[in-house]
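Submitted below is the structure of interest, expressed as C-alpha cells.
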Amino acid sequence: MKVLIVKTSSMGDVIHTFPAVEDASLARPDVSFDWCVEEAFAGIVALHPAIGRIHTVAIRRWRKALLDGATWREAAALRRTLRERRYDLVIDAQGLLKSALVARQAGAPIAGFDRSSARELSATLFYDVTYGVPRNLHAIERTRRLFGQALGYQPDLSTLNSGIVPPPVTPANIGANTAFLLHGTSREDKKWPAGDWIGTARLLVERGMAPVTTWSNEREKAVAEAIARAVPSAVVVPKSTLADIAAILGRSTLVIGADTGLTHLASAFGLPTVAVFLATEPGLTGPRGPYASTLLAPPGGRLTPAEVVAEAERLLARRGAALAGKT
C-alpha cells in the first residue's frame, strides 16, 4: 500500500507529524510513505527513515507569482509526478484548504479530519473519507489519532517517539557538552532580549557548558555576534542549511530556544529542551518530548536567565537519572 502524506508547513507542524509516521510505520509495515511538503522543509522531512519520496510544493513562492508561467509549469509538473506514483491513499494531515487542494492533485482517495475537526471547513469538501478527532487535543495527538483511524490501528498514546535521527555530519568546531541557544524567531514580540541570551550563556559557561548559536538573517546575526563578544567561549555557527543545523542540534547536550521550529525539532530529538515563550501560548502546539519544558512569561513580567538555566538543570538531571537507570 502506498500512502502520500500532505503536511506542507510550518516547520513545527511538520515535526508534530513525525510521531504519527512512527506509529504507522510500526503498526503497518506493509505501507510505504511519501510526503508532500513546502520546499524549505524537505530536509526536515528527510530526517524520518520511513519516508521514501519527498515531493515539494512552493505555495508561498507561487502566491507571489500567480500570473507567471513558470508557476503554473511547476504546479503541473507536481500534479504529473503525484499521479505517476499511483497512491492508494492520501492523508491530509493539515486540514486546510491549501493542503486539501494539494492532496487532490494525486488523484487518489483522500482521508482527513471531519467537519468538526478540520482547521478549515472548506478542506473537508475535497475528502473522500473523514474522521473525527477532538480539537482540544495537542496537535501531535490529533495527528496520531487521524493516522490510526485512516490506517486501521490504535496508536499507543502513553508513549511518544518521533522516530527521527539527526543527519550524520557535525562541524569540527562543535565539541561536547554543548548548549544550543536558538534565539531567532519570526516575530519580534517572541524574541527574548539579547541581554538575557548573554546572561544565559554566561550562566551556562559557569556550569561547564559550551554555548553554541547561529543565525539566518542580519538581525539574528547581530544577536549571535553580541553573545560571542560578551561570552568569548561561545561558538557562532554561520548561516547554514537546515540539515547542517539539525546535525549540530541533534548532538547537543541541551537546547534553549524561543518559539521557533528548531525548538520543536530539539524536543523531537528527545533532547533536554527549554522553550522560552513570551508572547504566544504553548497551548496545543507547544514543544513535546520526554525532556521538553516550556516556560511562559507572566503577563507584564519577564523570564530571567536564572529561571531558564534552573529549568535546564532540572531537565538535565532528569535525563541523567533516566540514563543511569538503563545501565
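Once you have the Kirkwood Rh of the chain from its Cα pairs, apply Stokes-Einstein at 20 °C and 1.002 mPa s and quote D in µm²/s.
Roughly 103 µm²/s, to the nearest whole number.
Something else: Between segment 197-264 and segment 9-41, what's the alpha-carbon centroid distance in Å?
27 Å
Which percent of the accessible area of segment 128-209 is formed by carbon and sulfur heavy atoms (probe 1.4 angstrom)?
52 percent
Do any of 2/64; 7/326; 98/191; 64/191; 98/221 go past 31 Å between their Cα atoms, and which?
2/64; 7/326; 98/221
If one takes the longest principal axis of the Cα atoms in the chain, at what angle in degrees, from 0 to 90 and to the nearest 10, does the Cα axis of helix 194-206 lie?
70 degrees
For segment 145-301, what ratio Rg/Rh do Cα atoms give with a Kirkwood hydrodynamic radius?
1.00
If amide hydrogens are placed 1.01 Å from N in the peptide plane, which non-local residues have theirs closer than 5 Å to the one on residue 214?
183, 237
Here is a follow-up. For segment 146-152, take each phi angle, set θ = phi - 60°, evaluate the Karplus expression 6.51 cos²θ - 1.76 cosθ + 1.60, and give the result in whole Hz per residue in order, putting x for glycine and proline.
Once θ is set to phi - 60°, the couplings for segment 146-152 become 4, 4, x, 5, 5, 10, x Hz.
Let me ask you something else. Read phi for every residue in segment 244-251 and hand back ³J(HN,Hα) as whole Hz from Karplus 6.51 cos²θ - 1.76 cosθ + 1.60, θ = phi - 60°, with x for Gly and Pro.
Whole-Hz 3J(HN,Hα) from phi for segment 244-251: 5, 5, 4, 5, 5, 4, x, 10.
Ignoring everything except DSSP H segments at least 4 long, calculate the 222 nm mean residue ellipticity for the chain; use -39,500 (n - 2.57) per segment, divide by total residues, nearest 500.
Value at 222 nm, helices only, nearest 500: -12000 deg cm²/dmol.
May I ask you to list the aspartates and glutamates whose Cα is less than 14 Å away from that of residue 239, ignoring any residue fewer than eight positions away on the same chain?
Qualifying aspartates and glutamates at Cα under 14 Å: 218, 220, 225.
Which of these, 85, 207, 119, has the largest mean-square fluctuation under a Gaussian network model of the chain (Cα springs below 10 Å)?
Checking each option, the largest mean-square fluctuation is seen for 207.
With θ set to phi - 60° and the Karplus curve 6.51 cos²θ - 1.76 cosθ + 1.60, what are the ³J(HN,Hα) couplings of segment 214-226 in order, to the nearest whole Hz, using x for Gly and Pro?
8, 7, 10, 8, 5, 5, 5, 4, 4, 5, 4, 5, 5
Taking Rh as the Kirkwood radius computed over C-alpha pairs, what is the Stokes-Einstein D of segment 218-314 at 4 °C in a medium of viscosity 1.567 mPa s, expressed in µm² per second? Present the calculation step by step, with values, prior to reporting the outcome.
Details: Rh = 14.4 Å.
Estimated diffusion coefficient is 90 µm²/s.
The values are calculated or read from the model by the stated rules, or taken from the named source; none is laboratory data. These numbers come from a predicted model, not from an experiment. Note: areas computed on protein heavy atoms with side chains; ligands, DNA, RNA excluded. Shrake-Rupley method; radii C 1.70, N 1.55, O 1.52, S 1.80 Å.
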